[in-house]
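Novice: Below you'll find the structure I mean.
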Amino acid sequence: MPTGETQVVTTCTRDCPSACGLIAHVQGGRVVKLSGNPAHPVNQGTVCRKVPAFLRRMHSPQRVLTPLRRRGGSWSPVSWKDALDEMAERLKDAVERFGPESILYYMGFGERTALKLLNARFFALLGGVTTLRGTLCGGTGYAAQSQDFGPRVSHDPLDLANARTIVLWGRNPVATQFGLMPQLRRARDRGVKVVLIDPRASESAALANVHIRPRPGRDAFLALAVAKRILEQGWQDQEFLALHADNLEAYLDMLAREPMDALLAACDVDAATVDALACDYVQGRPTATLLGWGLHRFTLGHEMIRAVDALGAVSGNIGLAGGGVSQGFEEWGPYDQEVWGADLHPPRRTFLMPQIGREILAATDPPVAVAVISAANPVCMAPNSDLVAQALDAVPFVVNMNLFLDDTADHCDLFLPCAAFYEQRDLVASYGHNMVGPLLRAVDPPGECRSQFDIFMDLATRFPFADQFVHSEELWLRRILRPLLEKGVAWDELWRGPVRIPDAPMVPWADGRFDTPTGRFQLLTEVSACADCRDAARYPFSLLTVGGARYLCSEREPGDGAGPADLSMASDVALRLGIADGSPARMTSPLGSSLVVTVRHDATLRPDVVVCERGGWLKAGQGVNRLIPDMVSAVGQGTPYYEARVDVEPLA
Ligand SMILES: Nc1nc2c(c(=O)[nH]1)N[C@H]1C(S)=C(S)[C@@H](COP(=O)(O)OP(=O)(O)OC[C@H]3O[C@@H](n4cnc5c(=O)[nH]c(N)nc54)[C@H](O)[C@@H]3O)O[C@H]1N2
Ligand SMILES: Nc1nc2c(c(=O)[nH]1)N[C@H]1C(S)=C(S)[C@@H](COP(=O)(O)OP(=O)(O)OC[C@H]3O[C@@H](n4cnc5c(=O)[nH]c(N)nc54)[C@H](O)[C@@H]3O)O[C@H]1N2
Ligand SMILES: [Mo]
């Protein structure tokens, strides 16, 4: 350790399944480096490219260091006292005039630590306000897998040590979950076969022995084709199906009704590839399927996910060490759920997160008088950006708790600058593994930045329920973490480093008993016919807006990479359209918006797909969500971003 350096244990709170154990290196009151914590059993000392980028961002001169009030078009600094006095007045006034449902609490994905339960509790004590239902992220996967297994439980990532085949199905860990690399690299070194199923060659193609490129949104047909092939060969796990699965007859009928040729045509994968994948699922067993979030972002995402679950069952991989169909984990699961405060008030209005713009604009009884946005950038990241911006403009008072003046801040009135994760004490669970990790205060927040905990405690002193809410961090943490403490985790242990949730299974469903009403696995019985999208002729491309390796969604600095976003396009298609590699083009969608992009030729891409990274800011000239319609998935109230169709034309 360099002289004068201290090292503090912390955990990355980026909205990423890795939730990596980190060490903050502190010199002269400043975090100079974040390195991987070798003691974390999953990331084992690795860090991804986002971590140094995040630290640079936190030291950026553009980070907001004082509360700001916007009047007209410009922001000016205000004291915390004035900021919170005004916020309290506005909240009280809204409650008095229209009732508590005239307040909207919009929680994003940027800071999902244990103490964030208290943000919700503050609003519960206020009487219960309008909150969100559905999600921009993983709702469809949870809902779909819960139908099949009962409340979703995934294999512990350390169980990958038992796999002989790993299928990355619509998941791109090399970019989006780098903390899994030690497990994946070790598997590769053991000779495990890795199959990637993704319409494009993502970063994870580098890890894969085989890359299958289905037509977007048609994975259900691929999963059915593989299951049909397994059954044709008589390779199915008859014992599992007979003893532990419901709907077997209906499932087999469905497969019998679908000719193989039709299934292959629907997903646009050839028979030899399907045969090989059938072998991988049976002869290559245990086969661990890691489902990503790529399948969520379709209207019928639940059918795609359920068809893959069923393939896991047919091939005998459910409840098997090294097998399973795993997706996510419950990031709020380890905590005392009562702290949310849902029992403190009658049921209140909710808005659909995937349609937040139109929900706000349609609200009249009562209208939205105050919106409080925490750790989110909905103007940039929710679909139909322009409508979201218009909706926020229609709300008389919008508070934003964040670190930068991003696209959403442009439509807010009060900006409260928050602390970064290594500037506060807290704890974070993961949606990608079973560890919880501590955040310790390695340094003080810069300028006047404060943790959200401090902000809500200070704000609450202005309300009559202060005595029920204003307590020490330690008291609240002990309360929130009670379930872990009751399971035998020692308090001190929690602050020394990552701790595994004691009762989390390594291999769920190993006893063949499922948490469904019948106690059995539920095979799906129907897959909707694939009607081609209405707009397909006019808008020939599926637009996939994927996670990039450098940035976590919209966590960028103002001006970062400003200028047109890159759009990957099949080389021959681009040439046919007269768009040279690296040249500008105009992308249009049925929403009526258009965006100038820089086309990048990709010789490996499907001709019916174009790909761009999500998260570029509108004010950096990117803002791809301006082109994406605000729809809701059929199950799970997810956001079907990848149903977006676009056209691309050369820019004169
Ligand atoms: N086109 C398209 N859009 C998508 C997706 C897609 O696939 N395609 N995917 C969607 C998905 S999966 C998700 S999860 C959503 C994400 O949607 P959002 O959560 O709205 O967007 P993020 O860009 O993750 O923004 C998180 C914000 O939190 C802030 N932040 C970070 N750390 C802290 C902190 O410690 N405290 C506070 N107060 N703020 C902090 C960041 O500065 C950033 O503004 O976007 C969705 N949008
Ligand atoms: N570096 C980085 N890390 C991140 C994020 C980020 O933006 N950047 N985002 C974070 C968030 S919010 C989340 S939710 C997770 C998401 O983590 P992942 O699910 O791993 O990543 P995504 O890029 O959202 O989507 C995964 C893949 O699905 C593919 N895909 C799209 N359509 C289809 C389809 O129809 N079928 C199949 N089989 N595949 C398809 C896409 O091409 C993409 O490569 O990652 C988190 N980690
Ligand atoms: Mo997400």
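Residue by residue, here is whether (1) in a helix (DSSP H, G or I); (2) at negative phi; (3) of a type in the set (Asp, Glu) holds:
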{"position": "Leu158", "(1), (2), (3)": "yes, yes, no"}
{"position": "Ala161", "(1), (2), (3)": "yes, yes, no"}
{"position": "Val167", "(1), (2), (3)": "no, yes, no"}
{"position": "Pro182", "(1), (2), (3)": "yes, yes, no"}
{"position": "Ala187", "(1), (2), (3)": "yes, yes, no"}
{"position": "Gly191", "(1), (2), (3)": "no, no, no"}
{"position": "Leu196", "(1), (2), (3)": "no, yes, no"}
{"position": "Ala201", "(1), (2), (3)": "no, yes, no"}
{"position": "Ala205", "(1), (2), (3)": "yes, yes, no"}
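Novice: Please count how many residues of segment 262-303 are under 23 Å from Ser542 (Cβ atoms) and not polar (S, T, N, Q).
Specialist: Total meeting the criteria: 24.
Novice: Another question, if that's okay. Of all residues in segment 35-79, count the ones that are buried (at least 20 other Cβ atoms within 10 Å of the Cβ) and of a type in the set (Ser, Thr, Tyr).
Specialist: Total meeting the criteria: 1.
Novice: I need a count of the residues in segment 469-504 that are assigned to a helix (DSSP H, G or I) and over 27 Å from Gly319 (Cβ atoms).
Specialist: 18
Residues are listed down the side, and each one gets a yes or a no for (1) closer than 30 Å to Met506 by Cα; (2) more than 16 Å from ligand 3 (Cβ to nearest atom); (3) touching a Ser or Thr at 6+ places or on another chain (Cβ under 9 Å); (4) outside any helix (DSSP H, G or I):
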residue	(1), (2), (3), (4)
Tyr251	yes, yes, yes, no
Met254	no, yes, yes, no
Ala262	no, yes, no, no
Ala265	no, yes, no, no
Tyr281	yes, yes, yes, no
Trp293	yes, no, yes, yes
Arg297	yes, no, yes, yes
Glu303	yes, yes, yes, no
Gly323	yes, yes, yes, yes
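Novice: Pairs under 7 Å by beta carbon, first residue under 30 Å from Lys487 (Cβ atoms) in segment 336-355, partner buried (at least 16 other Cβ atoms within 10 Å of the Cβ) and among the β-branched types (Val, Ile, Thr), six or more apart or different chains?
Specialist: Here the result reads Asp336/Ile480; Val339/Ile480, each pair linking segment 336-355 to a residue that is buried (at least 16 other Cβ atoms within 10 Å of the Cβ) and among the β-branched types (Val, Ile, Thr).
Novice: The conditions are (1) modelled with pLDDT of 95 or more; (2) basic (Lys, Arg); (3) over 23 Å from Arg215 (Cβ atoms), and Arg556 fails exactly one of them. Which is it?
Specialist: (1)
Novice: Name the one entry in Ala466, Ala460 that is more than 29 Å from the chain's Cα centre (by Cα) and buried (at least 19 other Cβ atoms within 10 Å of the Cβ).
Specialist: After applying the criteria, what remains is Ala460.
Novice: Sticking with this one: If we keep just the residues of segment 588-621 that are over 20 Å from Tyr539 (Cα atoms) and not small (Gly, Ala, Ser), which is farthest from ligand 2 (Cβ to nearest atom)?
Specialist: Lys619
Novice: Also, I was wondering about something else. Ala585: part of a strand (DSSP E or B) and in contact (Cβ under 8 Å) with a residue 24 or more places away in the chain, yes or no?
Specialist: Against the criterion (part of a strand (DSSP E or B) and in contact (Cβ under 8 Å) with a residue 24 or more places away in the chain), Ala585 qualifies.
Novice: Condition test on Leu117, is it within 21 Å of the chain's Cα centre (by Cα), more than 16 Å from ligand 2 (Cβ to nearest atom) and either aliphatic (A, V, I, L, M) or crowded, with 22+ Cβ neighbours inside 10 Å (or both)?
Specialist: yes
Novice: Does segment 468-484 hold any residues that are in contact with an Asp or Glu (Cβ under 9 Å, 6 or more places away or on another chain) and of a type outside the set (A, V, I, L, M), and which are they?
Specialist: Correct list: Glu473, Arg479, Arg482, Pro483.
Novice: Another one. Restricting attention to segment 595-616, report how many residues are free of Cβ contacts under 8 Å to residues at least 60 places away in the same chain and not β-branched (Val, Ile, Thr).
Specialist: 5
Novice: Checking Gly108 against (1) surrounded by 22 or more Cβ atoms within 10 Å (Cβ to Cβ); (2) farther than 26 Å from Asp15 by Cα; (3) not hydrophobic (A, V, I, L, M, F, W, C), only one condition comes out false. Which one?
Specialist: So the condition that Gly108 fails would be (2).
Novice: Which of the following residues is within 16 Å of ligand 3 (Cβ to nearest atom), basic (Lys, Arg) and in contact with a strand residue (DSSP E or B) (Cβ under 7 Å, 6 or more places away or on another chain): Arg171, Arg188, Arg200?
Specialist: On inspection, the qualifying residue turns out to be Arg171.
Novice: Here is a follow-up. Select from segment 533-583 the residues that are in contact with a Cys (Cβ under 8 Å, 6 or more places away or on another chain) and among the small types (Gly, Ala, Ser) and write down the one among them that is surrounded by the most Cβ atoms within 10 Å (Cβ to Cβ).
Specialist: Per the criteria, the residue is Ser554.
Novice: Also, quick follow-up: Surrounded by fewer than 22 Cβ atoms within 10 Å (Cβ to Cβ), within 16 Å of ligand 2 (Cβ to nearest atom) and of a type in the set (A, V, I, L, M) - does that describe any residue in segment 644-651?
Specialist: Scanning segment 644-651, I find no residue that is surrounded by fewer than 22 Cβ atoms within 10 Å (Cβ to Cβ), within 16 Å of ligand 2 (Cβ to nearest atom) and of a type in the set (A, V, I, L, M), so the answer is no.
Novice: Related question: Only one residue in Val527, Val507, Val597 is assigned to a strand (DSSP E or B) and within 28 Å of the chain's Cα centre (by Cα), so which one is that?
Specialist: Exactly one of Val527, Val507, Val597 is assigned to a strand (DSSP E or B) and within 28 Å of the chain's Cα centre (by Cα), namely Val597.
The values are calculated or read from the model by the stated rules, or taken from the named source; none is laboratory data. For clarity, every value in this text was computed on a predicted model and none was experimentally measured. Backbone-built Cβ (ideal geometry, glycine too); neighbour counts: all protein chains shown.
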